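Worksheet: the structure to be examined is printed underneath.
The values are calculated or read from the model by the stated rules, or taken from the named source; none is laboratory data. What you see is a predicted model; the values in this text were computed from it and never measured. Methodologically, a virtual Cβ is constructed for each residue, glycine included, from the backbone with ideal geometry; neighbour enumeration extends over all protein chains shown.
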Amino acid sequence: MECLIQYLDDLEDLVYAVALKAERIREAIQYFLLITTAAILQVFAISVALWHPPFALALAALLLVGMMLHAVLTYSPDAYAN
């Protein structure tokens, strides 16, 4: 009976080890996608600025306004800390 309990304990350890590794792999994939998206957006922004500068300026202004609106409307837990 003790051998069965030891076997189940090892199996449980294996399952949780796989879950922890899967989390690290997920974080690495998210980081890779973030870096790839940032690079693609920078190339797009440079090409738009070379192709049509007034459109690029208008797009930058809209993005700035959107980021400022997001900063104002999002909840910050530090704002309500005592």
Among the residues listed as TYR7, TYR31, the single one being in a helix (DSSP H, G or I), surrounded by 10 or more Cβ atoms within 10 Å (Cβ to Cβ), aromatic (Phe, Trp, Tyr) and more than 27 Å from the chain's Cα centre (by Cα): TYR7
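Take ALA71 and tell me if it is at pLDDT below 90, assigned to a helix (DSSP H, G or I), more than 15 Å from the chain's Cα centre (by Cα) and not β-branched (Val, Ile, Thr). Talk me through it step by step, then tell me what you get.
Numbers: at pLDDT below 90: yes; assigned to a helix (DSSP H, G or I): yes; more than 15 Å from the chain's Cα centre (by Cα): yes; not β-branched (Val, Ile, Thr): yes.
Judged against the criteria, ALA71 is a match.
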Criterion: surrounded by 10 or more Cβ atoms within 10 Å (Cβ to Cβ) and among the β-branched types (Val, Ile, Thr) - qualifying residue of THR74, THR37: THR37
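Please go through the stretch 44-61 and pick out each residue that is among the aliphatic types (A, V, I, L, M) and surrounded by fewer than 10 Cβ atoms within 10 Å (Cβ to Cβ).
Residues of the stretch 44-61 that are among the aliphatic types (A, V, I, L, M), as a first pass: 45-46, 48-50, 56-61.
Residue satisfying the conditions is LEU50 alone.
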